[in-house]
Amino acid sequence: MTFLGPSVFSLTHTTGIVECSTRRVREVHPPAQSSQTSSSGKKNSKRKRTEGSEAWAPSANGVEAELDALFAKVVLAPWGVECGDISKPEIWSTSRGLVVDPNATSNSNEQDAVGSEGKQKPHNPLTDDITLLVEPRLVDSFGLVPGLGLGAMWVQLVRQDEPAAGSTSANSKTFWYHEDVTGIFPSFYTPGKQE
């Protein structure tokens, strides 16, 4: 609540995939300029019919537009080489959503996807980028260190009520945040010799 203030965020979004891995900074983007009304505004709200009256329901699109406008985004790519202090990504059992098992040996990602059912493409922690929400004041810091490696527990933000199959919103964005930072690696990091 410190960053968002009064918001309907907790009514529209929940946690999705929880991944522990090391990723490198690929891109940094300042907060977007948004012309939409906030998530509590009328422009993005929906009305749900109940017995003879209309009830207000928050808009997930509005919340995502608000997050996009309030926070800077850091695109993080998988580190790519797991050795030394950098281990293979781990997916926590508390994860919700489709995810490709990083320990699978098969070439078929669809067979190795685990998690809840849905039409969404499974998250592959070995190849997919994630978009981390950060305070806008950190844009300059991350911009100075492209390739910086961050080891952390990454948590995906997902909509609580997914749209019906086949009606996925084009405006839907997937954001992540971190719980714990477990390591920071320079872009030129190489593991030492193991004895």
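The values are calculated or read from the model by the stated rules, or taken from the named source; none is laboratory data. Here the structure is a predicted model, which is why all the values come from computation and not from measurement. For neighbour counting, all protein chains shown are included, and Cβ atoms are generated from backbone atoms with ideal geometry for every residue, glycine included. SASA here: full protein model, heavy atoms, side chains in, ligands and nucleic acids out. Shrake-Rupley method; radii C 1.70, N 1.55, O 1.52, S 1.80 Å.
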- Just give me the residues in the range 186-195 being farther than 20 Å from Ala77 by Cα and at pLDDT 65 or above, in sequence order. Gly192, Lys193
- In the range 4-58, how many are modelled with pLDDT of 60 or more and either assigned to a strand (DSSP E or B) or aliphatic (A, V, I, L, M) (or both)? 25
- Filtering the range 160-185 down to residues that are at pLDDT 65 or above and either open to solvent by 50 Å² or more (accessible area, probe 1.4 Å) or β-branched (Val, Ile, Thr) (or both) yields Gln160, Asp161, Lys173, Thr174, Tyr177, His178, Glu179, Asp180, Val181, Thr182, Ile184
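Listed here are the residues, each with its yes/no results for (1) within 18 Å of Glu64 (Cβ to Cβ); (2) assigned to a strand (DSSP E or B); (3) at pLDDT below 90; (4) in contact with a helix residue (DSSP H, G or I) (Cβ under 9 Å, 6 or more places away or on another chain).
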| residue | (1), (2), (3), (4) |
| --- | --- |
| Asp85 | no, no, yes, no |
| Thr94 | no, no, no, no |
| Phe142 | no, no, yes, no |
| Val158 | yes, yes, no, no |
